[in-house]
Amino acid sequence: MQVSLSPLARTLAAVVALAVASAWTDAVFPLDAQQSGSRPMTFLDMQQMNQVSSPTPSPDGKWLLYTLSTPDWKEAKRQTDLYLVSLQQGVASTRQLTFSKEKNETSPRWARDGSFFLFLSNREAPENAASRNQLYQMRPDGGEARRLTDAKEGVADFSFSRDGRWVVYRSGKSDEEQLYRLPVTGIDTATAAAITKHPTGVRSWQWAPDSKRIYFVTPDSVDADEKGRRDQKFTVNIRNPETPVASLWALEIEGAQATRRLTEGGAFSVDDVTVSSDSKWVGFRGLSADRYKRNITSENIYGDLYLLETTTGALERLTTNAEIGESALSFSPDARSVAFSGPDDLQTYGMSNSRVYVRAVAERGQPFKKLGETFDGDVSVGFWSTDSATIYFNEGIRATNQIVSLDLRYNTVRPLTEEKAAVSIDHDEDTGVLLINYADGTTASTLFTVDTVANASTRASWRQLTDPNPQVRTFALGQQEEITWKSKDGTTVGGVLVKPVGYRAGQRYPLIVAIHGGPASADILSFNGGYGSQVYAGAGYVVLRPNYRGSTNYGHKLKTDIVGNYMAPGYDDIMAGVDYLIAQGIADPARMGALGWSAGGHWSNWILTHTDRFKAISTGAGTANWISMYAQSDVQRNRQYYLGNKLPYDDFDAYWNQSPLKYIKNAKTPTMIHVVEGDPRVPSPQSIELHMALKQLGVPTELYMYPGNTHGIPDTRNQLVKSVSEMAWMDFYVRGQGARFAWRDVLKTLEDEAARPKIATEQAAKP
């Protein structure tokens, strides 16, 4: 049956009382089950999704702590509590541990003997300091949590030493944080002692595995003028402030806590520190000392990797390339090898496939061996096998995410899973516990465990640990599948097709083309991707999510085919996908709309200026003029690469020819524009320029500007405004239904949700 509701009705449907039959005790479900819910999904449902984070196995590998974040949509905030689940019994054993109304518990960490755990919470913070966390202690068998700290500025982060003797946390004013130590024995009565007194504060830090020292990063100096400006609460934002480089220090944990500076000279700024399992080696990235390259570009490409031998202080520079973004260093479990991932071409900036580079740690001055060249995709360092012979990582393959292995001995890459889904695996170094995150078209993100990586390929061996969104099983969802088609030049292109709820073969449906951002990313067979594709499916639309040229997951050539000719190939791919659905009798050519954000906004703007086949467009954070965009954005080198590898000041035509604004007089399609006012990535002047041009040309247009300083809309209420207004725009122009948008439609979603039933989340199991 085709469903056709107004945007208002679709939004308000989420607050209708529903009888939810299953609780968490009945939550284990077959991953292949066909979805058959009672109502379409709404945009408000998207805002009401719960989130699992910070999964932390107990030292004996029997229990898992995690946080569950539940939304308070009206207040635009989330409530986070701690949960415990048995790794053997699975989801049915789930038990909620904290119930701090309107407060949050985060970052759980087990004591090394498993007798208790610590976490951060703002449960006792005053209302005017709601984010000020303190450190709390709790036993896994329940009881009241005990506060351990009373830090004036709150606790930023903390960690146990591996030998289990100490807890160290960081606290203090911004840019002045210091490290403090608590003994684990007698921790409930102990007084914290400061173990650093650096005038520039501790920026980042971590324990050495031998528990004898802490490595930390701190700026070399204090800019007195900048500190004075902050202290006097001057709010001027200096675009490229003078910031000192940061150096690496070591702190001896015993005795007088002596500190020792490990890097000197200010030639680079230390970042991304890692320590080998035997504590003999420290790896880090040395970012450029040039403040422009460090502060403006935000691409983490102007730096090289370094290796420090802790016993001698000898420092080795491992890479010598400008504009190449390598990963952080990773040491093998036996501490004999060191590896990193970086592009196939380690000398020239580009979008070549990532490879793994590995070498014996002690072979000072020797080259790294490049591995994974035969795999037409990205090869990266996820985690090592216990015998240090294999590296496991997660990688996109076509319209899926899979678990992949790299055999270091034979240089072979092999996918371990073949799910029509988004699958990823993580590994806890201390316990060896493996956690799998799974999502598909009818299953929201769900956490599983598996005993060995080899068993990851067998779904029957997985044990379900969480079920954070059981309400999903009450939704009527559209069928989702991967499809392929031929582009204008014969290139095979793929993407995701979401069919309307109640789809009937032979019937044509209104089409929404949802264009992903990046462009170096891909739409996959996950849950409700593509700007809420299931909401559109519930409203009777068919949704195409194209992985156009420039996307990842389909090999090096498809990813780089847009270099020097940025817009046209992707446009051809998208339009060929549209024609394919028309030829298949699925899409109605007279009822089509397109939408996208970021790079999806770039291509939406290109569609606007190159065809009148669509009845409506919604573009978010998209470029209009690449020449002005280059200097406005916090990312330059990437744009330079895509647009011919020249500065715009050297070749204006290369940038102008790829700018939608050059072709703006072709625009005829009613266009809604969305942007965050302080967006650093695609700054709002791009959207303003497009809006004013359309106004001058008499093209129906609306510009929505959202407060914030991020590339995405930060406030959940404004996210809803964007979604509801966008669908109203499509309904009005694509299907000739309803009104374009009215504020009362969103305001009504603020009605009391007290009648909405709650789904059980508390269990009775005990460790």
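Just so it is clear, none of the values below were taken in a lab; they were calculated from the coordinates. Since the model is a prediction, treat every value here as computed from it, not as a measurement. Positions of Cβ are backbone-derived with ideal geometry, glycine not excepted, and every protein chain shown enters the neighbour counts.
Here are some notes:
- When both bridge partners sit in the stretch 478-750, DSSP labels roughly 35% of those beta bridges antiparallel.
- Net charge of neighbours whose Cβ lies under 14 Å from the Cβ of Ile664, counting Lys and Arg as +1 and Asp and Glu as -1: +2
- Note on Glu264, Glu689: ascending count of other Cβ atoms within 10 Å places them as Glu264, Glu689, the fewest first.
- Difference of contour (0.36 nm per residue) and Cα-Cα distance, Lys369 to Asn455: 28.0 nm
- Residues of type lysines that Lys197 reaches as a straight line, Cα spacing below 23 Å, ignoring anything fewer than 8 places off in the same chain: Lys152, Lys173, Lys212, Lys227
- Dipole-positive endmost among Leu251, Thr443, Val202 within the chain (Cβ charges, Cα centre): Thr443
- Shape of the stretch 133-273, Cα gyration tensor, a/c cut at 1.5: oblate
- Those lysines that a straight Cα-Cα span of less than 16 Å connects to Lys103, excepting residues fewer than 8 apart in one chain: Lys74, Lys77
- Degrees between helix 599-610 axis and first principal axis of the chain (Cα, 0 to 90, nearest 10): 20 degrees
- Entries of Lys615/Lys695; Lys62/Lys420; Lys62/Lys370; Lys499/Lys615 with Cα pairs more than 27 Å apart: Lys62/Lys420; Lys62/Lys370
- Unit charges at the beta carbon, dipole of the chain: most positive-side option, Gln507, Ala621, Val236: Gln507
- Cα long-axis angle, helix 529-538 against the chain (0 to 90 degrees, to the nearest 10): 50 degrees
- Taking a sphere under 12 Å around the Cβ of Ala267 and counting the other residues whose Cβ falls inside, with K and R at +1 and D and E at -1, yields a net charge of -3.
- Highest mean packing first, where packing is the average number of other Cβ atoms within 10 Å per residue, the peptides 61-69, 172-180, 508-516, 395-403 line up as 508-516, 395-403, 61-69, 172-180.
- Rounded to the nearest 500, the helix-only mean residue ellipticity at 222 nm of the chain stands at -4500 deg cm²/dmol, with each DSSP H run of n ≥ 4 adding -39,500 (n - 2.57).
- Loop-located chymotrypsin sites (Phe, Trp or Tyr not before Pro) in the stretch 190-263, at most 12 other Cβ atoms within 10 Å (DSSP): Phe234
- Estimated at 0.36 nm per residue, the fully extended path between Val222 and Asp60 surpasses their Cα-Cα distance by 53.9 nm.
- Computed across the stretch 524-655, the Kirkwood radius stands at 16.1 Å (inverse of mean 1/r, all Cα pairs).
- Where only C-alpha atoms are counted, convex hull volume of the stretch 52-195 per residue in Å³: 119 Å³
- For the stretch 478-750, the mean projected area of the C-alpha convex hull, equal to one quarter of the hull surface, is 13.7 nm².
- Between the stretch 290-363 and the stretch 545-615, the alpha-carbon center distance in angstrom: 36 Å
- Unit Cα scatterers, Debye sum, the chain: log10 I(q)/I(0) for q = 0.08, 0.11 Å⁻¹: -0.74, -1.50
- Ranked Arg591, Arg317, criterion: other C-beta atoms within 10 Å, fewest first: Arg317, Arg591
- Coil-residue chymotrypsin sites (Phe, Trp or Tyr not before Pro) of the stretch 121-177, DSSP, other Cβ within 10 Å capped at 14: none
- Whole-Å distance, taken between Cα centres, linking the stretch 402-433 and the stretch 98-153: 34 Å
- Put in line by how crowded their Cβ is, counting other Cβ atoms within 10 Å and starting with the fewest, Asp523, Asp651, Asp81 read Asp651, Asp81, Asp523.
- Straight-distance crosslink candidates among lysines, where the alpha carbon sits under 26 Å from Lys369 and sequence neighbours closer than 8 are dropped: Lys280, Lys557, Lys559
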